[in-house]
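Peer 1: I have a structure here, written as C-alpha cells, and I will follow up with some questions on it.
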Amino acid sequence: MSAQSVEQLQAMRCLPCEGGVSKLTAAEAESQLAKLTGWSITHKGERIHKEWTVKHFMAGMRFFNEVAKVAEAEGHHPDLHIVGYRNVSIDIWTHAIGGLSENDFILAAKIDAIPVELKSAIQVHP
C-alpha cells in the first residue's frame with residue numbers, strides 16, 4: 001500500500017473485511033500515519049489512537065454521535081472513550097485481522113473532518 005493523502009483517504013470507502021487480509025507492515029503504517037495529524041500508533045503497531053480535550057461532556061457526546069454516524073456508514077467501528085467528562089479518545093484497528101489495514105486510516109481521515117468543540121486554551125496573565 002502506498003500512502004494516501006488525507007483528501008484521498010476521505011474520498012475512499014472502507015471495504016468489508018472478514019479476515020484473510022494482511023496487516024499493514026510497520027513501515028506502511030508509519031508512512032500512512034505521517035499523512036494524518038495527531039494520530040499515533042499503539043498496541044505494538046496494531047492500533048491507531050488520537051485524543052482530544054473537548055469543551056465539556058456534551059461536546060464530547062456530540063462529537064461521538066457524529067463519529068458513530070461516519071463509522072456506521074463505513075461499516076468500520078472504532079473504540080470510543082470519554083474520561084474525566086471532557087477527555088475523549090478513539091482507537092481504531094481492523095478487528096478481523098488484529099491489526100491495521102487501509103480501512104483504519106480511511107476512518108481516521110473521515111473522523112478528522114468532523115467538527116469538534118475543543119477546550120479553549122487557558123490564558124495565563126502575569
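Peer 1: Test of understanding: what is the full-extension gain from Lys44 to Val6, defined as 0.36 nm times their sequence separation minus their Cα-Cα distance?
Peer 2: 11.3 nm
Peer 1: Once you keep just the Cα pairs under 8 angstrom separated by 6 or more residues, what percentage relative contact order results for the chain?
Peer 2: 34 percent
Peer 1: I'd like the FRET efficiency for Leu15 and Val83, computed as 1/(1 + (r/R0)^6) with the beta carbon distance as r and R0 of 25 Å, rounded to 0.05.
Peer 2: 0.20
Peer 1: Find out how many positive minus negative residues lie around Phe57, taking Lys and Arg as positive, Asp and Glu as negative, among other residues whose Cβ is under 13 Å from that of Phe57.
Peer 2: The answer is +3.
Peer 1: Under the Kirkwood approximation applied to all pairs of distinct alpha-carbon atoms, what is the hydrodynamic radius of the chain in Å?
Peer 2: About 15.2 Å for the chain.
Peer 1: With springs connecting C-alpha atoms under 10 Å apart, model the chain as a Gaussian network and identify which of His76, His95, His43 has the largest mean-square fluctuation.
Peer 2: His43
Peer 1: Springs between alpha-carbon atoms under 10 Å, Gaussian network over the chain: tell me which of Gly45, Gly98, Gly60 tops the mean-square fluctuations.
Peer 2: It is Gly98.
Peer 1: Here is a follow-up. To the nearest 500 deg cm²/dmol, what mean residue ellipticity at 222 nm is calculated for the chain from DSSP H runs of n ≥ 4 alone, each contributing -39,500 (n - 2.57), summed and divided by the residues?
Peer 2: Value at 222 nm, helices only: -10500 deg cm²/dmol.
Peer 1: Are there any chymotrypsin sites (Phe, Trp or Tyr not before Pro) in the stretch 28-126 that are in a DSSP loop and have at most 14 other Cβ atoms within 10 Å? List them by number.
Peer 2: Tyr85
Peer 1: Mind telling me which of Leu15, Leu33, Leu107 comes out most flexible in a GNM of the chain, alpha-carbon contacts under 10 Å?
Peer 2: The residue that fluctuates most here is Leu15.
Peer 1: Once the cut-off is 15 Å, how many percent of the Cα-Cα pairs in the stretch 25-98 end up in the long-distance tail?
Peer 2: Percent of Cα pairs beyond 15 Å in the stretch 25-98: 59.
Peer 1: For the chain, the longest stretch holding no trypsin sites (Lys or Arg not before Pro) located in a DSSP loop with at most 15 other Cβ atoms within 10 Å is which?
Peer 2: Answer - 56-118.
The numbers here are math on the coordinates, done by the rules we state, and not lab data. Small disclaimer: the values here were computed from a predicted structure and weren't measured. Virtual Cβ from ideal backbone geometry, glycine too; neighbours counted across all protein chains shown.
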